[in-house]
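A.B. asks: Dumping the structure here so I can ask a few things about it.
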Amino acid sequence: MFPLYAILDTALALARGYEPVDLARRFFDGGAKLLQLRAKDVPAGQVLDWSLAIAEHAARAGAVFIVNDRADVALMTGADGVHAGQEDLPAAAVRRLAPPPFLIGLSTHTPAQIAAAAREPVDYLAIGPVFGTATKETGYAAVGLDLVGEASRNAAGLPAVAIGGITLENAPSVVAVGASSVAVISDLLAGDPAGRVREYLRALR
């Protein structure tokens, strides 16, 4: 896994004045090599259009492009994978449609979910929210660094991506307990997006 997992939340991007495809391009310009498009409550056609455009930018940047929730959109656009939540299509069902190297990620929030994810045909798991966050409503309280460490030790070798309240200041501490990657949403918009990506990449070396 790449150390920085950039998440482009379309609602947040638009609220901050960024067109999603342009924001993705800025992330790639900053050196992001792993990007997820998260478009909640958006018409499927719009998600498809954004995904097609971002997939092209990702290919030119040599980056991995993941679509949140929508395995159908990921497959139609040539994305590299899909990220699923606990309420989405089961990983086994997605895998029947999309063999490797198509990537499947799965969100987890509890030790039981981590253990279950290790038995699924997934390529990585996300664990969080690590710290308190208002960007992504999970319905779960902050899990803290201890559960990130547990995920990294007890997930059958799966990379653990930490998410939730990650900032430039606390990202190194998350990696220190075993996270393979840190997923960042709102803090990538603190200033110039390309410059902020570069700051994260320097901090996570």
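The values are calculated or read from the model by the stated rules, or taken from the named source; none is laboratory data. All values derive from a computational prediction rather than experimental measurement. Every residue, glycine among them, receives a Cβ derived from its backbone with ideal geometry; neighbour counts consider all protein chains shown. Side chains are part of the model used for accessible areas, which takes the heavy atoms of the whole protein and leaves out ligands, DNA and RNA. Shrake-Rupley method; radii C 1.70, N 1.55, O 1.52, S 1.80 Å.
A.B. asks: Quick check on this structure: which one of Asp49, Asp29, Asp69, Asp22 is surrounded by 19 or more Cβ atoms within 10 Å (Cβ to Cβ), modelled with pLDDT of 95 or more and of a type in the set (D, E, K, R)?
C.D. replies: Values: Asp49 fails: surrounded by 19 or more Cβ atoms within 10 Å (Cβ to Cβ); Asp29 fails: surrounded by 19 or more Cβ atoms within 10 Å (Cβ to Cβ); Asp22 fails: surrounded by 19 or more Cβ atoms within 10 Å (Cβ to Cβ).
Of Asp49, Asp29, Asp69, Asp22, the one residue that is surrounded by 19 or more Cβ atoms within 10 Å (Cβ to Cβ), modelled with pLDDT of 95 or more and of a type in the set (D, E, K, R) is Asp69.
A.B. asks: Restricting to the stretch 130-145, what's the tally of residues that are modelled with pLDDT of 95 or more and in contact with a strand residue (DSSP E or B) (Cβ under 7 Å, 6 or more places away or on another chain)?
C.D. replies: Residues flagged as modelled with pLDDT of 95 or more and in contact with a strand residue (DSSP E or B) (Cβ under 7 Å, 6 or more places away or on another chain) within the stretch 130-145 amount to 1.
A.B. asks: What are the residues in the stretch 1-19 that are open to solvent by less than 30 Å² (accessible area, probe 1.4 Å) and either more than 22 Å from Ala63 (Cα to Cα) or part of a helix (DSSP H, G or I) (or both), if any?
C.D. replies: Step one: filter the stretch 1-19 for residues open to solvent by less than 30 Å² (accessible area, probe 1.4 Å), giving 4-10, 13.
Of everything in the stretch 1-19, those that are open to solvent by less than 30 Å² (accessible area, probe 1.4 Å) and either more than 22 Å from Ala63 (Cα to Cα) or part of a helix (DSSP H, G or I) (or both) turn out to be Thr10, Ala13.
A.B. asks: Do we have any residue at all in the stretch 139-152 that's surrounded by 23 or more Cβ atoms within 10 Å (Cβ to Cβ) and either among the charged types (D, E, K, R) or not in a loop (DSSP other than H, G, I, E, B) (or both)?
C.D. replies: Yes, there is a match, as at least one residue in the stretch 139-152 is surrounded by 23 or more Cβ atoms within 10 Å (Cβ to Cβ) and either among the charged types (D, E, K, R) or not in a loop (DSSP other than H, G, I, E, B) (or both).
A.B. asks: If you take the residues in the stretch 32-46 that are not in a loop (DSSP other than H, G, I, E, B) and not aliphatic (A, V, I, L, M), which one is least open to solvent (accessible area, probe 1.4 Å)? Talk me through it step by step, then tell me what you get.
C.D. replies: Taking the stretch 32-46 and keeping what is not in a loop (DSSP other than H, G, I, E, B), we get 34-38, 44-46.
Okay, now just the ones that are also not aliphatic (A, V, I, L, M), so 36, 38, 45-46.
Details: Gln36: 7, Arg38: 22, Gly45: 44, Gln46: 72 Å².
Applying the filter and picking the extreme gives Gln36.
A.B. asks: If you don't mind, there's one more thing I want to ask. Looking at Gly157, is it more than 25 Å from Ala61 (Cβ to Cβ) and in contact with a strand residue (DSSP E or B) (Cβ under 9 Å, 6 or more places away or on another chain)? Working first, answer last.
C.D. replies: Values: more than 25 Å from Ala61 (Cβ to Cβ): yes; in contact with a strand residue (DSSP E or B) (Cβ under 9 Å, 6 or more places away or on another chain): no.
So Gly157 does not fit the description; no.
A.B. asks: Next question. Six or more apart or on different chains, Cβ under 6 Å: which pairs go from a residue in the stretch 183-195 that's open to solvent by 10 Å² or more (accessible area, probe 1.4 Å) to one that's of a type in the set (S, T, N, Q)? Could you list them?
C.D. replies: Note: pairs meeting the criteria are Ile185/Thr135; Ser186/Thr135; Asp187/Thr167.
A.B. asks: Within the stretch 98-121, which residues are open to solvent by 20 Å² or more (accessible area, probe 1.4 Å) and either touching a residue at least 60 places away in the same chain (Cβ under 8 Å) or under 16 Å from Asp88 (Cα atoms) (or both)?
C.D. replies: Leu103, Leu106, His109, Gln113, Ala116, Glu120, Pro121
A.B. asks: Can Ile166 be described as within 15 Å of the chain's Cα centre (by Cα) and in a strand (DSSP E or B)? Before you say what the answer is, go through the steps one by one.
C.D. replies: Details: within 15 Å of the chain's Cα centre (by Cα): yes; in a strand (DSSP E or B): no.
Taking the combined requirement at face value, the residue does not satisfy it.
A.B. asks: Follow-up question, since we're still on this one. Would you be able to say whether some residue in the stretch 80-88 is under 26 Å from Leu189 (Cα atoms), open to solvent by 40 Å² or more (accessible area, probe 1.4 Å) and assigned to a loop (DSSP other than H, G, I, E, B)?
C.D. replies: First, pick out the residues of the stretch 80-88 that are under 26 Å from Leu189 (Cα atoms): 80-85.
This time we only want the ones that are open to solvent by 40 Å² or more (accessible area, probe 1.4 Å), so: 80.
Those still in the list that are assigned to a loop (DSSP other than H, G, I, E, B) too: 80.
Looking for residues that are under 26 Å from Leu189 (Cα atoms), open to solvent by 40 Å² or more (accessible area, probe 1.4 Å) and assigned to a loop (DSSP other than H, G, I, E, B), one finds at least one in the stretch 80-88, hence yes.
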